[in-house]
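What follows is a set of notes on a single structure, which appears directly below.
The values are calculated or read from the model by the stated rules, or taken from the named source; none is laboratory data. Please read these numbers as outputs of a predicted model, since none were measured by experiment. Cβ coordinates were reconstructed from backbone atoms using ideal geometry, including for glycine residues, and neighbour counts include every protein chain displayed.
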Amino acid sequence: MKEAEEAGQARTTETWDSFWGHLLLWRFHEDNPERWAAREQKADWLIETLALSPGARVLDLACGDGLLSICLARKGCEVTALDRVAPVLDAARKEADASGVRVDFIAADMRTHDLGGTMFDAVAFFDTLGLIGRAAEAALFDRLRASLSEGARVALDWPREPGQAKWEREFPDGTLRVSASYDAESRVQAIHPEFHRSDDTVIELHDPYAPPGHRGIRRYIYPLDEAKALLAEAGYEAEEVPHYSTPDYHMLLARPRPLT
């Protein structure tokens, strides 16, 4: 713990599991009446675009709050949802139970988790590309091919060119302050959240995916051609399609190339 330079506030760091996951992925959205409608839209797009039939096996990779997974299960898909933030998945399981659907939520690191012999008809990989590093992402897509059924596709999206941002939001126990920057030369987006508690403690985010010493989230924003090249190296053919909701994001559908 160190002293804040200006306000004399005590600063500490917490991880996604210990604090930030529940705040940013659950508490932040739980009062938003549109959160389910947005996930329903995404689920409908995925089912229609990938022509998924009832009973289709879908992997929601880096599933976040798990609401997309629940919506897909409501629409008849058999869903496996994987994310590393265990407390958020605990909340998602309760939502799934309340909805009367089954989702296989797995708390694990996607960089190392073995999916075993499960074969999937589709993979959703939304708003995650660029967060774990090129080498890890190349290895992930390479490993994923062994878990894809014939004709399966991976749907992935990521921002084109994020801008600068600074905003805050009040909670009963403190204030969330977020600043985001983007360096066009390095193509690195840096997001720095702070939670200013009512007791004057400031909590910063330690993300194990980020480089040592980096506070908050660090994300590489792939140019479209580089993302396609990454997928090609891992054995996929990638097709760009219109994004389901915003022109500010790229959207690719990637299909494993036939083995020769």
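Only one entry of ALA37, ALA51 meets the criterion of being free of Cβ contacts under 8 Å to residues at least 60 places away in the same chain, farther than 21 Å from LEU115 by Cα, outside the structural domain of GLY216 (by TED's automatic domain parsing) and in a helix (DSSP H, G or I), and that entry is ALA37. Tell me whether segment 87-99 contains one or more residues that are under 16 Å from the mean Cα position of the chain (by Cα), of a type in the set (Val, Ile, Thr) and buried (at least 18 other Cβ atoms within 10 Å of the Cβ). Within segment 87-99, one or more residues are under 16 Å from the mean Cα position of the chain (by Cα), of a type in the set (Val, Ile, Thr) and buried (at least 18 other Cβ atoms within 10 Å of the Cβ).
When GLU194 is tested against (1) among the charged types (D, E, K, R); (2) under 21 Å from the mean Cα position of the chain (by Cα); (3) surrounded by fewer than 18 Cβ atoms within 10 Å (Cβ to Cβ), exactly one condition is not met: (3).
All told, VAL58 meets the bar of being in contact with a Ser or Thr (Cβ under 8 Å, 6 or more places away or on another chain) and either within 27 Å of GLY117 (Cα to Cα) or at pLDDT 95 or above (or both).
The set of residues in segment 138-185 that are in contact with a Ser or Thr (Cβ under 6 Å, 6 or more places away or on another chain), part of a strand (DSSP E or B) and at negative phi comprises LYS166, GLU168.
Any residue at all in segment 239-254 that's over 20 Å from the mean Cα position of the chain (by Cα) and farther than 23 Å from HIS113 by Cα? Yes, segment 239-254 contains a residue that is over 20 Å from the mean Cα position of the chain (by Cα) and farther than 23 Å from HIS113 by Cα.
Scan segment 60-75 and tell me whether some residue there is farther than 26 Å from GLU137 by Cα and either within 20 Å of the chain's Cα centre (by Cα) or among the hydrophobic types (A, V, I, L, M, F, W, C) (or both). Yes.
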